[in-house]
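Asks: The structure's right below; bear with me while I get my questions together.
Please treat every number below as a calculation from the coordinates, not as lab data. Because the structure is a prediction, the values reported are computed rather than measured. Virtual Cβ from ideal backbone geometry, glycine too; neighbours counted across all protein chains shown.
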Amino acid sequence: MKPNKSYGIFAEYYDILTQNIDYRKRAEYFNTLIKQSGGKQCGLLLDLACGTGSLSEAMDDLGYDVIAVDSSPEMLGIAMDKKFESGKNIQYVCQDMRELDLYGGVDITICALDSLNHLDNFDDLKTVFSKVFTFTNPEGLFIFDINTEFKHKTILGEHTFIYDTDEVYCVWQNSCENSKVKIDLDFFVPENEKYSRYSESFYENAYSIEDIKHALENTGFRVLNIYDEDSFEPLKENSQRAVFVTQK
């Protein structure tokens with residue numbers, strides 16, 4: 001077994017394991033939220049925890065001037081490869097979102113695909129809210145999605161998921177205590193007619209919607225809407241992901 005850190009092997013196969021995500025559709029969804037909330041069209045947009053840059057590229061396609069931040073050099077390496085191939089003018093920055101430090105303000109910040117759940121604790125979440133608030137222009141928007149406690153306890157829970165592709169066989173095992181999920185990933189990669197095994201582990205935390213709302217308001221954001229995942233419907237008891245639309 002070869003242990004890896006910093007999403008090394010996960011970064012390499014992230015796009016393969018998330019082929020079900022339609023990034024263009026998600027970008028159009030965020031764009032609609034921005035329009036409905038009076039955000040600046042084609043303004044300066046921060047993609048927080050951008051990963052391999054797929055959503056950054058899609059937002060650039062819609063006319064936004066994109067700055068993209070992620071703490072993983074491996075993820076950003078793949079994002080840069082996409083940038084070189086597409087010729088886009090996205091600015092990628094390797095930075096922990098808890099230590100966000102930009103040269104100036106942005107009009108819109110988005111943070112997608114439960115990236116905020118990866119923070120270590122609720123204090124870290126509040127720190128990120130404060131950092132985003134600092135670098136958001138007046139009347140600017142902060143839009144993010146976050147896994148709910150229902151998803152962590154019921155959908156992820158103690159379940160195991162299998163991903164079988166030509167490039168990698170991945171076993172995803174969860175263990176849940178309260179609303180904190182430990183995720184163990186084992187990657188089996190075909191190499192020279194054999195399989196090499198790589199492993200990574202990380203945690204995701206979920207919090208009550210009311211606690212998140214209060215933290216945003218205490219930071220200075222006004223919560224405009226909270227939607228059920230990828231929709232314009234109100235949040236339900238069994239919603240797996242909440243979408244917050246907030247304004248400075």
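Asks: Pop a pseudo-label 7 angstrom from the Cα along the beta-carbon direction at both Asn178 and Glu210 and give the gap in nm to one decimal.
Replies: It is 1.7 nm.
Asks: For Glu85 and Phe202 in the same chain, what is the full-extension length gain: residue separation times 0.36 nm, less their Cα-Cα distance, in nm?
Replies: Details: separation 117, 0.36 × 117 = 42.12 nm, distance 3.08 nm.
Answer, rounded to one decimal: 39.0 nm.
Asks: Mind listing the long-range amide H neighbours of Asn225? Cut-off is under 5 Å, sequence gap 5 or more, other chains count too, H placed in the peptide plane at 1.01 Å from N.
Replies: Val245
Asks: Still on this structure: Starting with the fewest neighbours, write out Met80, Met59, Met97 ranked by other beta-carbon atoms found within 10 Å of each beta-carbon.
Replies: Placing the least packed residue first, the sequence is Met80, Met97, Met59.
Asks: Continuing with the same structure: Can you tell me the orientation of helix 73-86 relative to the chain, as the angle in degrees between its alpha-carbon axis and the longest Cα principal axis, to the nearest 10?
Replies: For 73-86 against the chain, the angle is about 70 degrees.
Asks: Please turn the phi angles of region 186-191 into ³J(HN,Hα) values with the Karplus equation 6.51 cos²θ - 1.76 cosθ + 1.60 (θ = phi - 60°), one per residue in order, whole Hz, x for glycine and proline.
Replies: So the Karplus estimates, Gly and Pro as x, are 10, 10, 10, 10, x, 9 Hz.
Asks: Over the Cα atoms of region 40-91, what Rg and Dmax result, in angstrom?
Replies: Reported Rg and Dmax, both Å: 10.1, 31.
Asks: With a cap of 10 neighbouring Cβ atoms within 10 Å, and only residues DSSP puts in a loop, list the trypsin sites (Lys or Arg not before Pro) found in region 117-223. Please report the intermediate quantities before stating the final value.
Replies: Numbers: sites: Lys126, Lys131, Lys151, Lys153, Lys180, Lys182, Lys194, Arg197, Lys213, Arg222; in loops: none.
Nothing satisfies the criteria.
Asks: Rounded to the nearest 0.05, what FRET efficiency do Thr32 and Asp124 give with R0 = 35 Å and r taken as the Cβ-Cβ distance? Could you check?
Replies: Working: r = 30 Å, r/R0 = 0.84.
Efficiency, from the Cβ-Cβ distance: 0.75.
Asks: A follow-up question, please. How about region 120-168: which GluC sites (Glu not before Pro) there lie in a loop by DSSP and see at most 14 other Cβ atoms within 10 Å? Intermediate results must be reported in sequence, preceding the final value.
Replies: Working: sites: Glu139, Glu149, Glu158, Glu167; in loops: Glu158, Glu167.
The qualifying sites are Glu158, Glu167.
Asks: Quick one: angle between helix 8-17 and the longest Cα principal axis of the chain, in degrees between 0 and 90, rounded to 10, please.
Replies: 80
Asks: What's the FRET efficiency of Asn192 with Gln95 using the Cβ-Cβ distance as r and R₀ = 45 Å, to the nearest 0.05? Before the final figure, lay out each step's value.
Replies: Numbers: r = 38 Å, r/R0 = 0.84.
Rounded to the nearest 0.05, the efficiency is 0.75.
Asks: What is the ratio of the Cα radius of gyration of region 151-204 to 2.2 N^0.38 Å, where N is its residue count, to two decimals?
Replies: Details: Rg = 12.9 Å, N = 54, 2.2 N^0.38 = 10.0 Å.
Its radius of gyration relative to the 2.2 N^0.38 Å reference: 1.29.
Asks: So, one more: Can you list the HN-Hα couplings for region 145-152, worked out from phi with the Karplus curve (6.51, -1.76, 1.60; θ = phi - 60°), rounded to whole Hz and with x for Gly and Pro?
Replies: 10, 8, 5, 8, 4, 4, 5, 5
Asks: Hand me the tally of lysine pairs in region 151-204: alpha carbons under 22 angstrom apart, and the pair either on different chains or 8 or more positions apart.
Replies: 4
Asks: For region 208-223, what does the Karplus curve 6.51 cos²θ - 1.76 cosθ + 1.60, with θ = phi - 60°, yield as ³J(HN,Hα) per residue in whole Hz, taken in order and with x for Gly and Pro?
Replies: So the J values, rounded to whole Hz, are 5, 4, 5, 5, 5, 4, 5, 5, 4, 5, 5, 6, x, 7, 9, 7.
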